Amino acid sequence: MAEILKNSVCYLAGPIDFEESLGKDYRQSIKDKCIEAGLKIKFLDPTNKLTGLSKDVGDEQAHIQKYKKKRDWKSLRQLMKRIVKEDLRQVDLSDFLIVMVNTDIHMCGTYHELITAELQRKPILTIVKGGKEKAPAWLFGILNHEYMFNSVDECVGYLVKLNSGQGYLNNKWILFRHELDKLGQSEPEID
């Protein structure tokens with residue numbers, strides 16, 4: 001079996017603020033289903049960061065709520081500048097995004113990440129809660145409707161198809177992780 005997506009890096013975007021699980025449930029579902037499907041994709045997850053003031057979104061949200069309650073806008077701005085910078089940097093490092101769109105929740109950061117990825121010409125797979133019919137019409141102007149899915153299962157099924165070589169990777173799919181791993185390694189000298 002081809003493993004086209006092996007070692008690719010996916011950023012998991014979606015609502016955190018105002019979302020019941022702080023965005024953890026959907027992201028964990030994607031990761032679990034990809035593992036079950038045998039996909040060897042690496043995930044960057046803003047609810048469980050590699051860097052930052054805290055690695056858990058619950059800690060970040062506690063700070064945010066504390067600053068809001070105290071009306072400490074300067075501290076909130078400093079914290080949020082760091083969070084935005086870290087999350088957008090993860091978008092930069094990714095090969096593609098999976099984005100959860102939930103029109104019942106205001107998704108300021110999600111749309112910022114989505115637009116940043118689109119400006120970088122990255123593939124963006126979008127799961128729309130309630131189906132494509134619930135997607136904001138504007139998204140159809142910037143995203144490929146063929147990359148919009150009604151569920152996590154549909155999205156993972158699409159990734160399985162791509163990974164096996166059965167799907168079409170358009171010119172947005174630039175996968176060169178294997179070559180990056182070789183950077184800095186010199187070729188052995190031949191005497």
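Read-outs: derived from the displayed coordinates by stated rules, not from any lab. None of the values given here were measured: they were computed from a predicted structure. Cβ atoms come from the backbone with ideal geometry, glycine included; neighbour counts cover every protein chain shown.
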* Asked: Quick one: if you stick a label point 7 Å off each Cα along the C-beta vector at L175 and D25, how many nm between them?
  -> 3.1 nm
* Once you've got the Cα coordinates, tell me which of K66/K132; K31/K81; K33/K134; K70/K122 are over 29 Å apart. => K66/K132; K70/K122
* Asked: Say each of R89 and K74 gets a label point 7 Å from the Cα, pointing the same way as Cα to Cβ; how far apart are those two points in nm?
  -> 2.5 nm
* To do: Kindly identify the stretch 82-125 as rounded, prolate or oblate by the Cα gyration tensor criterion: order the square roots of the eigenvalues as a ≥ b ≥ c, call it rounded if a/c is under 1.5, otherwise compare a/b with b/c, prolate if a/b is larger, else oblate.
  => oblate
* Asked: What full-extension length gain, to one decimal in nm, is calculated for N48 and Q120 as 0.36 nm per residue of separation minus the Cα-Cα distance?
  -> 23.6 nm
* Quick one: angle between helix 73-93 and the longest Cα principal axis of the chain, in degrees between 0 and 90, rounded to 10, please. => 10 degrees
* Write down the Å³ per residue value for the convex hull defined by the alpha carbon atoms of the stretch 1-85. => 88 Å³
* For helix 57-70, what angle does its Cα long axis make with the longest principal axis of the chain, in degrees from 0 to 90 and rounded to 10? -> 30 degrees
* **Angle between the chain longest axis and helix 152-163 axis [Cα atoms, degrees, rounded to 10]** => 30 degrees
